[in-house]
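Notes to accompany the following structure.
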Amino acid sequence: MNIMILQCKFVFLMTNFIGKEYIMKVSTKGRYALRLMVDLGVNGGEDKYISLKDISARQNISIKYLEQIVTPLHRAGLVRSVRGAQGGYRLSRKADKYTAGEILRAIEGSFAPIACLETPENECERYHDCATVGFWEGMYKVISDYVDSVSLKQLIDEHMSRQCPGCQEK
């Protein structure tokens, strides 16, 4: 399924689910993390190390800001790095083995809409009496299912099709 259709479907579900257009916001770091990972996938993949200077030039993001983003990605094992003149960053595995969800979680943390859903076992003392916990669990599931259904490869393919319409069919 086309990424844009999935995004529209997600916003539609969120609109219907919570009665507002969209309440979950992804930070600039989260958005830029996805762009950085797409850039690594397009320009280096698992084989070639790409400098933050090159990514900065292509993505129009400062090197300092990219350094803040790549650190948690590296800590989470999503990218590998090499120091030195030929150093840089590369993906640690094939693009189809990443989800947008794991990339975003490395930067943003949990997508749980309320604190008591952030741990696997809900420890809230009011859990069994809470009138709205089902609503929050449902919202969390919709968000998690969507971000975990989109692979980095899909994001790369979508990006490439925008750069060169028709190239993907060849």
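The values are calculated or read from the model by the stated rules, or taken from the named source; none is laboratory data. Since we're looking at a predicted model, the values are computed, not measured. Here Cβ is always computed from backbone atoms with ideal geometry, including for glycine, and neighbour counts include all displayed protein chains. Ligands, DNA and RNA are excluded from the accessible area calculation, which covers all protein heavy atoms including side chains. Shrake-Rupley method; radii C 1.70, N 1.55, O 1.52, S 1.80 Å.
Measuring with a 1.4 angstrom probe and ignoring ligands and nucleic acids, residue 96 comes out at about 80 Å² accessible. Taking 0.36 nm per residue of sequence separation and removing the Cα-Cα distance, the residue 80/residue 135 pair yields an extension gain of 15.9 nm. May I ask you to list the GluC sites (Glu not before Pro) in region 87-156 that are in a DSSP loop and have at most 12 other Cβ atoms within 10 Å of their Cβ? Within region 87-156, the qualifying GluC sites (Glu not before Pro) (loop, at most 12 other Cβ atoms within 10 Å) are 121, 123, 125.
Would you mind counting up the charge near residue 62? Only other residues with Cβ under 14 Å from its Cβ, with Lys and Arg at +1 and Asp and Glu at -1. Net charge in that neighbourhood comes out at +3.
Counting heavy atoms of the protein chains alone, residue 99 has an accessible area of about 40 Å² for a 1.4 Å probe. Checking every one of the trypsin sites (Lys or Arg not before Pro) in region 27-92 against DSSP loop status and a limit of 10 other Cβ atoms within 10 Å picks out 83. Sequentially through region 32-45, phi angles give Karplus couplings (6.51, -1.76, 1.60; θ = phi - 60°) of 5, 4, 5, 5, 4, 5, 4, 4, 4, x, 6, 9, x, x Hz, Gly and Pro residues having no value and appearing as x.
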